[in-house]
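See below for the structure under consideration.
The values are calculated or read from the model by the stated rules, or taken from the named source; none is laboratory data. Since we're looking at a predicted model, the values are computed, not measured. Note that each Cβ is placed from the backbone with ideal geometry, even for glycine, and that neighbours are counted across all protein chains shown. Note: accessible area is taken over every heavy atom of the protein model, side chains too, but ligands, DNA and RNA are not part of it. Shrake-Rupley method; radii C 1.70, N 1.55, O 1.52, S 1.80 Å.
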Amino acid sequence: MINLDASKFAEKIAESDVVVLDVRTPEEFKGNHLKGAQNICVTSDDFKEKVKILDKNKPVYVYCLSGGRSSAAASQLKEMGFKSIINLSGGMLAWQSA
């Protein structure tokens, strides 16, 4: 897993052929989220089942509110065989202050 600050994360998610994964709750996602992000809540019982549909060979850019849940999600994705996992350091809080 790689951790990137908000500006580098923004540069990278602008590239084509990447997956942007918001691992917050659906309520948090409705409030605000990054353009093009998919929402799969890491604390839901079916998280692993839902992320199985994602392409393991594409870079996955993962974020949450402050970075804790996305780090946990990144660990699970790594265990599941995802090749490239990039975490937004500081989550949406860092994104909004940048």
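Quick notes on this one:
- Listed here are the strands (runs of 3 or more DSSP E) enclosed by the range 1-74 that have at least 3 residues being buried (at least 17 other Cβ atoms within 10 Å of the Cβ): 19-22, 60-63.
- Scanning the range 62-98 for residues that are under 17 Å from Thr25 (Cα atoms) and hydroxyl-bearing (Ser, Thr, Tyr) yields a total of 4.
- Selection within the range 78-92: residues that are touching a residue at least 60 places away in the same chain (Cβ under 8 Å) and part of a helix (DSSP H, G or I). The member of this set that is most open to solvent (accessible area, probe 1.4 Å) is Lys78.
- Cβ separations smaller than 7 Å between residues 6+ apart or across chains give the following pairs from the range 1-27 residues that are under 21 Å from Ser75 (Cβ atoms) to residues that are open to solvent by 30 Å² or more (accessible area, probe 1.4 Å) and among the hydroxyl-bearing types (Ser, Thr, Tyr): Asn3/Ser89; Leu4/Ser89; Asp5/Ser89.
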